[in-house]
Amino acid sequence: MAKYDKKMIGELIDGTLEFYQLKNMMSSHKDRERFDIYLSVLQDRVSWDDPILLPIGEHLFIVQKQNGDRIVKCDCGHEFCDYKDNWKLYANIFVRDTEEKMNEVYPKLMSPDPEWQVLREYYCPGCASQLEVEAVTPWYPVLKDFEPDIDTFYNEWINVPLPGKA
């Protein structure tokens, strides 16, 4: 079984891992140690101490606060909401709903028709990082990506105590 170190997991996160290493990593058994290293690398990259329970996007994490609350937090430190709420409703939202706004992203005549589809861009209010983009019909409600069952994930899937717990 292959062993991974923080450097290799960091390269995986950054997208700089050599292809053959990436292929081997994807094909190999997903061991608990790799997940622990992954969380450790992510934790080392943020300036705050709340334990990361689960990454949910490039800059977003579900973290455990000292009082036991689980919230969505950006790597810049901005706190959005309880992890069971839809964090997108607490983000800055820019909607590309006109031809002019679409043409800032797409070449002319290659963009969606804004009467049929709009782009919703979600940004962190703390650091302005783009967190997600949705392509939806104009009237569609804000999507909630998922709500992970964190306790089941830790207790039954990876069989380890939650970070910050004894």
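Points worth noting:
- To the nearest ten degrees, helix 32-44 and the longest principal axis of the Cα atoms of the chain are 60 degrees apart.
- Translational diffusion of the chain, µm² s⁻¹ [Kirkwood Rh, Cα pairs; Stokes-Einstein; 4 °C; 1.567 mPa s]: 71
- Comparing mean-square fluctuations of Ser40, Ser27, Ser129 from a GNM of the chain with C-alpha springs under 10 Å, the top value falls on Ser27.
- Bridgeable lysines around Lys23 (alpha carbons under 16 Å apart, same-chain partners fewer than 8 residues away excluded): Lys3.
- Going from the residue with the fewest nearby Cβ atoms within 10 Å to the one with the most, Glu99, Glu33, Glu132 rank Glu33, Glu99, Glu132.
- P(r) of segment 89-136 over all Cα-Cα pairs, binned every 5 Å from zero, in whole percent: 5, 23, 27, 20, 15, 7, 2
- Pairwise label distance in nanometres, Asp85 with Ser40, each label 7 Å out on the Cα-Cβ vector: 3.4
- Residues of segment 101-128 falling in the label zone of Tyr140, defined by backbone nitrogen less than 12 Å from a point 7 Å along Cα to beta-carbon, are 116-120.
Only the coordinates and a few stated rules stand behind these numbers; no lab work does. Note that the structure is a prediction, hence the values are computed from the model and not measured. Don't worry about glycine lacking a Cβ; one is built from the backbone with ideal geometry, like all the others, and counts go over all protein chains shown.
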